[in-house]
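Notes follow once the structure below has been shown.
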Number of protein chains: 4
Amino acid sequence: MSDNRFGQLFSFTSFGESHGPAIGCVVDGVPPRLPLSAEAIQPYLDRRRPGQSRFVTQRREADQVEILSGVFDGMTTGTPIGLLIHNTDQRSRDYGEIARQFRPGHADYTYQAKYGIRDYRGGGRSSARETAMRVAAGAIADLTLKQALGPDYSITGSVVQLGPHKIDRSNFDPAQIDQNPFFCADAKAAEAWADWLDGVRKAGNSAGAVVEVVASGVPAGLGQPVYGKLDAELAAAMMGINAVKGVEIGSGFDLAARPGDEAGDEMRMGADGQPEFLSNHAGGVLGGISSGQPVVVRLAIKPTSSILTPRQSIDQDGKEVALQTKGRHDPCVGIRAVPVAEAMMACVLLDQLMRHRAQTQLLG
Amino acid sequence: MSDNRFGQLFSFTSFGESHGPAIGCVVDGVPPRLPLSAEAIQPYLDRRRPGQSRFVTQRREADQVEILSGVFDGMTTGTPIGLLIHNTDQRSRDYGEIARQFRPGHADYTYQAKYGIRDYRGGGRSSARETAMRVAAGAIADLTLKQALGPDYSITGSVVQLGPHKIDRSNFDPAQIDQNPFFCADAKAAEAWADWLDGVRKAGNSAGAVVEVVASGVPAGLGQPVYGKLDAELAAAMMGINAVKGVEIGSGFDLAARPGDEAGDEMRMGADGQPEFLSNHAGGVLGGISSGQPVVVRLAIKPTSSILTPRQSIDQDGKEVALQTKGRHDPCVGIRAVPVAEAMMACVLLDQLMRHRAQTQLLG
Amino acid sequence: MSDNRFGQLFSFTSFGESHGPAIGCVVDGVPPRLPLSAEAIQPYLDRRRPGQSRFVTQRREADQVEILSGVFDGMTTGTPIGLLIHNTDQRSRDYGEIARQFRPGHADYTYQAKYGIRDYRGGGRSSARETAMRVAAGAIADLTLKQALGPDYSITGSVVQLGPHKIDRSNFDPAQIDQNPFFCADAKAAEAWADWLDGVRKAGNSAGAVVEVVASGVPAGLGQPVYGKLDAELAAAMMGINAVKGVEIGSGFDLAARPGDEAGDEMRMGADGQPEFLSNHAGGVLGGISSGQPVVVRLAIKPTSSILTPRQSIDQDGKEVALQTKGRHDPCVGIRAVPVAEAMMACVLLDQLMRHRAQTQLLG
Amino acid sequence: MSDNRFGQLFSFTSFGESHGPAIGCVVDGVPPRLPLSAEAIQPYLDRRRPGQSRFVTQRREADQVEILSGVFDGMTTGTPIGLLIHNTDQRSRDYGEIARQFRPGHADYTYQAKYGIRDYRGGGRSSARETAMRVAAGAIADLTLKQALGPDYSITGSVVQLGPHKIDRSNFDPAQIDQNPFFCADAKAAEAWADWLDGVRKAGNSAGAVVEVVASGVPAGLGQPVYGKLDAELAAAMMGINAVKGVEIGSGFDLAARPGDEAGDEMRMGADGQPEFLSNHAGGVLGGISSGQPVVVRLAIKPTSSILTPRQSIDQDGKEVALQTKGRHDPCVGIRAVPVAEAMMACVLLDQLMRHRAQTQLLG
């Protein structure tokens, strides 16, 4: 109900604006006695950090996270974990007219319409800067899941489409994901994308993307039917990431076009005596509950709205203006959405795991 | 947190299985002094009711809703509204082997894996029968919104794709939606679909669909950033409907492929002195907040999993079986998803409207 | 947030008015595979049922509970349990002026002020009739706790003060509680109370009471500091029961007057090698977390507001009136509050137990 | 559900330990365009600050609050407000044996039993230091209510009993409350208390207290029956404050002993044409809803558990020890509970006001 909180048993509540003194969050419900330190969280934030290639914003933020509470002698205590990141690159400048203008594709107009006031500096609360806290909270979720579920568990995100260009699935190699600036598992596609996105960037334009996140080693049984379904909560988690306009599970929209005899995943007994599915159109979720197969989610991210090309708009007085965004921006925000989407996956899975066990393991 | 509850300020909590004595729900938070009766809710249920054409299940359910509380002298009192629908067509029969078999594409396996027990009769709690309560609760939401927002407000759902066959947007006529068995706004497409779906049905197969729901007359400002965004809650609401595998807002997945200079909706001042958007790729939501434009959501529904064609599976003992579904089933569950999706849209909008006003109108 | 819902992981959502067709609730989060039937719930309701002695209301209600969902083959399935009790003794009558008058000590005025409408028949939603659903939900909680915690666990409520007359603690014998119409553990006090309350009743007056509820066999560790403390949730649960005006834990208000060296319960190692407290002023709760000692709560219940003695009041038009309550009423509502308070204790404990285990047992 | 969050529409989520680097909270749901600054919050914190008289702990904390977000150009923006207070007086010292010993009356044992780990420095999360964040959040609630409800609204807390010594109600003068170190409205009692408490302190002992909080100018209608009642939420809010063991509303426990014809507050039309109550035994709450009368709550606070007198206990190994608390402690924690209880009252009232209006004013 608190609308800046995410999650039920494992939850985090975030605060902070793009150009305020700091952003932060409170992570609640973390199991006690988990080894934790700022150093353990930092690598997750570093993956998302701006300024690492020419394809992401040149804003320079160290994004050094501080743990203010909830950890003692290197272990979580079960009390809430306060996290803080100071904003270091808040270029002081005169916002001038932009302070009163509504940038197309941005939340300027809707925040103003909703609240009658807005922090216009860098988008304020609507800035993707807030996603750093999702990544930090997601890091704690991921570390908890690793310990709870063991080595079979992992979450892997990657960009599977940049603008209109999809990867070739036959080239998919997870080992490639961290070898290029696109979190792309298809090395060849990544090369082609670099050239193409350079062109887009130089033309003062921007590109969208499709991100895929796969969680493996997720036990069957997670999901609370019928209004806390695993897929419903994943959909909310992903759709709530900045610039996301679509979410699909498993074969997603493609399933609408398929006949029934191709859609339902058939089952057999595996060599290990465990039930086994012959396909995964369901994306690991049946009836809102995980099936034990990999959980597969894809999200569509719209192209960055801040572009050099002038766009028509109005200002708060209703005066018509032409808007051209200067300054530092990602030509494709979809790239940096990868670690954010992974984080949201981890948060949803941990919360669901805790809710699942609370109900089903009480009576043994 | 109660996982059979949907919504925050306006909420409903549902119960009931496909073949139990009744299904029902408790609708809470309804504003007082709204004229309400079972007769006002019934037409919404009748649109969803089975048995109305050869393209939906032949199960015969009157789906007569009873109001047990919360209404006095024809008006809501502000106290919770108990709703009940008796199940009348629970054909008593021997379930035999099906009681222990996992139907592909169904939730049989995951319910068993989660709870270690399941009501196998007609899918139990995972049956689409539960959606009747969503429609009943949605009816109350819709009637409330009508009174709160006035005549500009409306919610219209339709099937825009059946199997691989999309409508022709140039034929889109809302007046057609109730003139064919598909809730289809393109009369010509509906005709073609009838032939095509007959073929699918006779072949013992099934089809998926894409449903689109448009809410007009929604004021700007609805949505609670950043973890109660309007689009995030719509995504959860729609993804949680049975058989839905994908959700998109506005131009959705298509936006991933577009350049930035086509994606952000430009603004101008309208003839009426109100801000006006020149396009609606955003689907009426910017930064998680409604913009005043129509709110547009599309959902992908997988083909009905229950088909006559035999499918491989296993039973609870791990024995391999071939499963063939007999009995009454919708050849395309996507059709009856239309009133359900409309209902979920109404529930989300009313809840968001109440939350929006609670915060922003307190200090005038 | 749904304000007719109680609890987080184990929750129930109730509906229904005193003189409507039925009251009911949805119990959610119940662990699967708990043996359950209407017959197992009924004895709890029978303890609360009106009409059993001359000291409680003569309204005749069978209070037969029906299970509508969530139980299959005699076991819970983990899905929501719909419970229904039909109102059988809704004497049809002309409410006349009472429909517009505000009875002193009742919620008539506040419901009207809040909602601008109210179901005046028998107090509508504010009637103690609603507590039947708390008892039904509490029965399920108690049966679950019995199975989860074993034979050491029990909840025992009793009246320890009737009007100004307290029991003699040296006579306290739990075996006496069900041997008199007062749920009183002091047989001698119960005798004296019978005479005294007869006098009160004949004088057209009413009496208050203090109820004590003790939960034994509660493991240490339950309670979620700092805003989900065990004692805070017990306080809300008990204060929310009709007519309750005070709640205390352990030595409660008496502790305010004691010196520190008498208040903190000292500890020693017990003969069984387990930590042991030398007193229980804390009432089994330290820092909001159960200590393993018996959890002790007392609640003060005001005298029944409906009395034969005429009282000054006004009606909806502001006209001054003299009000005298006719009809069937408990001379002391505190008596029937005993099974209700026991039920609320069970609901809080089970919910807290589930939340506790969810967080602390995830990592073993 | 997030157990370090308080409130629904107006909420705050706190974090921090007694001896960590900082404590803080996120205040969510604040209406936009409320003038706000750290300077406006600080006076509330200063009232609670330690070290201001010989009757409270000599720990020196500046308790300077910083606003990290949610305020722009001196006004709230409707986005979450991050608040931070650095701990400045964390005396570094060797905790030695105390690190493993369970202090009687403290939460040491229960935190250890629950989490298997605890931050033993100064009580960690269970320290009353956390209440600073309640006061900060309460300040924002109070400032909002002042603007929403106007000059009739006020919240006034005071100590009405110190140890066994009650105030004389005929001397009650609110103007005296800030004129003595006890927040006592009876100047004469305050004088006597000073002498008495000096004696207690010098004897190495401690004292309990009863605090009363009165909210005036609260409109009729606040409270969400039946599980979000105003009195139930006040009970939870107050019982959750450190060391509180009892809560009562209006005449509270005294009502249990009174006859019905004295308990129900009679009504008349006032000179101003408004309904008027002839007494306030109900403490401003009927049926869980505010009546427009002053809301009156009293809380019993146990004596400070940390005393110089040695007490028996055990340590984590089960070894029996004698514990004597050195260091800085309040001889009566009840005194500094006054601003905390006022803060919790403000938080509950604002949250209820927002929930009330959300439901009841939607349809005008």
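For B:Val26, which of the numbered conditions (1) more than 9 Å from chain A (Cβ to nearest Cβ); (2) of a type in the set (A, V, I, L, M, F, W, C); (3) not in a strand (DSSP E or B) fails to hold?
Here B:Val26 clears every test but (3).
For (1) of a type in the set (Val, Ile, Thr); (2) more than 23 Å from A:His329 (Cβ to Cβ), each residue gets a yes or a no:
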{"position": "A:Gln147", "(1), (2)": "no, yes"}
{"position": "A:Thr156", "(1), (2)": "yes, yes"}
{"position": "A:Gln161", "(1), (2)": "no, no"}
{"position": "A:Phe183", "(1), (2)": "no, no"}
{"position": "A:Asp195", "(1), (2)": "no, no"}
{"position": "A:Ala203", "(1), (2)": "no, no"}
{"position": "A:Gly208", "(1), (2)": "no, no"}
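Looking at the range D:213-240 only, could you name the residues that are more than 7 Å from chain C (Cβ to nearest Cβ), part of a loop (DSSP other than H, G, I, E, B) and crowded, with 24+ Cβ neighbours inside 10 Å?
Once the filter is applied, which keeps residues that are more than 7 Å from chain C (Cβ to nearest Cβ), part of a loop (DSSP other than H, G, I, E, B) and crowded, with 24+ Cβ neighbours inside 10 Å, the range D:213-240 yields D:Val218, D:Leu222, D:Gly223.
For the range B:65-77, state whether one or more residues are among the charged types (D, E, K, R), within 23 Å of B:Asn242 (Cα to Cα), out of contact with any Asp or Glu (no Cβ under 6 Å at 6 or more places or on another chain) and at pLDDT 95 or above.
Within the range B:65-77 (the criterion being among the charged types (D, E, K, R), within 23 Å of B:Asn242 (Cα to Cα), out of contact with any Asp or Glu (no Cβ under 6 Å at 6 or more places or on another chain) and at pLDDT 95 or above), the answer is no, since none of the residues qualifies.
Quick check: is even one residue across the range C:50-69 more than 22 Å from the chain's Cα centre (by Cα), more than 13 Å from C:Arg336 (Cβ to Cβ) and either more than 12 Å from chain B (Cβ to nearest Cβ) or assigned to a loop (DSSP other than H, G, I, E, B) (or both)?
Within the range C:50-69, one or more residues are more than 22 Å from the chain's Cα centre (by Cα), more than 13 Å from C:Arg336 (Cβ to Cβ) and either more than 12 Å from chain B (Cβ to nearest Cβ) or assigned to a loop (DSSP other than H, G, I, E, B) (or both).
Condition first: more than 7 Å from every other protein chain (Cβ to nearest Cβ), assigned to a loop (DSSP other than H, G, I, E, B) and among the hydrophobic types (A, V, I, L, M, F, W, C). Now tell me which residues in the range A:289-332 satisfy that.
Hits for the range A:289-332 are A:Leu308, A:Cys332.
Which of the residues spanning the range C:264-288 are outside any strand (DSSP E or B), at the interface with chain D (Cβ under 8 Å from one of its Cβ atoms) and modelled with pLDDT of 95 or more?
C:Asp265, C:Glu266, C:Leu278, C:His281, C:Ala282, C:Gly283, C:Gly287, C:Gly288
The rows are residues; the columns are (1) under 27 Å from the mean Cα position of the chain (by Cα); (2) polar (S, T, N, Q); (3) more than 26 Å from B:Val333 (Cα to Cα).
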| residue | (1), (2), (3) |
| --- | --- |
| A:Ala263 | no, no, no |
| A:Phe277 | no, no, no |
| A:Gly288 | yes, no, no |
| A:Ser306 | yes, yes, yes |
| A:Arg311 | no, no, yes |
| A:Ile314 | no, no, yes |
| A:Val321 | no, no, yes |
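Given the conditions (1) at the interface with another protein chain (Cβ under 7 Å from one of its Cβ atoms); (2) buried (at least 22 other Cβ atoms within 10 Å of the Cβ); (3) touching a Pro at 6+ places or on another chain (Cβ under 9 Å), and given that D:Ala243 satisfies all but one, which numbered condition is not satisfied?
It fails just one condition, (1).
Can you pull out the residues in the range B:43-66 that are surrounded by 15 or more Cβ atoms within 10 Å (Cβ to Cβ) and within 16 Å of B:Asp142 (Cβ to Cβ)?
Residues satisfying the conditions are B:Tyr44, B:Leu45, B:Arg47, B:Arg48, B:Val65.
What residue, of D:Lys326, D:Lys319, is on the phi < 0 side of the Ramachandran plot and free of Cβ contacts under 8 Å to residues at least 12 places away in the same chain?
D:Lys319
For D:Glu212, only one of the following conditions fails: (1) of a type in the set (D, E, K, R); (2) touching a helix residue (DSSP H, G or I) at 6+ places or on another chain (Cβ under 8 Å); (3) closer than 22 Å to D:Ser154 by Cα. What is its number?
(2)
Listed residues B:Ala136, B:Ala128; which is within 20 Å of B:Arg5 (Cα to Cα) and crowded, with 24+ Cβ neighbours inside 10 Å?
Exactly one of B:Ala136, B:Ala128 is within 20 Å of B:Arg5 (Cα to Cα) and crowded, with 24+ Cβ neighbours inside 10 Å, namely B:Ala136.
For the range C:29-42, which positions are surrounded by 22 or more Cβ atoms within 10 Å (Cβ to Cβ) and part of a helix (DSSP H, G or I)?
C:Ile41
Is it the case that the range A:247-258 has a residue that's at the interface with chain B (Cβ under 9 Å from one of its Cβ atoms), farther than 30 Å from A:Gly116 by Cβ, among the β-branched types (Val, Ile, Thr) and buried (at least 24 other Cβ atoms within 10 Å of the Cβ)?
Yes, some residue in the range A:247-258 is at the interface with chain B (Cβ under 9 Å from one of its Cβ atoms), farther than 30 Å from A:Gly116 by Cβ, among the β-branched types (Val, Ile, Thr) and buried (at least 24 other Cβ atoms within 10 Å of the Cβ).
Could you tell me whether any residue of the range A:38-61 is aliphatic (A, V, I, L, M) and farther than 30 Å from A:Gln179 by Cβ?
Checked the range A:38-61: no residue is aliphatic (A, V, I, L, M) and farther than 30 Å from A:Gln179 by Cβ.
Just to verify a result, which residue in the range D:1-23, among those that are assigned to a strand (DSSP E or B) and surrounded by 23 or more Cβ atoms within 10 Å (Cβ to Cβ), is nearest to the chain's Cα centre (by Cα)?
Taking the candidates together, the pick is D:Phe6.
Please work out which one of (1) over 20 Å from A:Thr304 (Cα atoms); (2) within 10 Å of another protein chain (Cβ to nearest Cβ); (3) not hydrophobic (A, V, I, L, M, F, W, C) is the condition A:Thr131 fails and give its number.
Tallying (1) over 20 Å from A:Thr304 (Cα atoms); (2) within 10 Å of another protein chain (Cβ to nearest Cβ); (3) not hydrophobic (A, V, I, L, M, F, W, C), A:Thr131 fails exactly one: (1).
Identify, from the list A:Ile241, A:Ile289, the residue that is touching a strand residue (DSSP E or B) at 6+ places or on another chain (Cβ under 9 Å) and over 30 Å from B:Arg258 (Cα atoms).
Selected residue: A:Ile289, the only one of A:Ile241, A:Ile289 that is touching a strand residue (DSSP E or B) at 6+ places or on another chain (Cβ under 9 Å) and over 30 Å from B:Arg258 (Cα atoms).
Let me spell it out: the conditions are (1) at pLDDT 95 or above; (2) facing another protein chain (nearest Cβ under 7 Å), and A:Leu349 meets all of them except one. Which number is the exception?
Failed condition: (2).
The values are calculated or read from the model by the stated rules, or taken from the named source; none is laboratory data. This is a predicted model, so every value here is computed, not measured. Cβ sites come from the backbone with ideal geometry, for glycine too, and all protein chains shown count toward neighbours.
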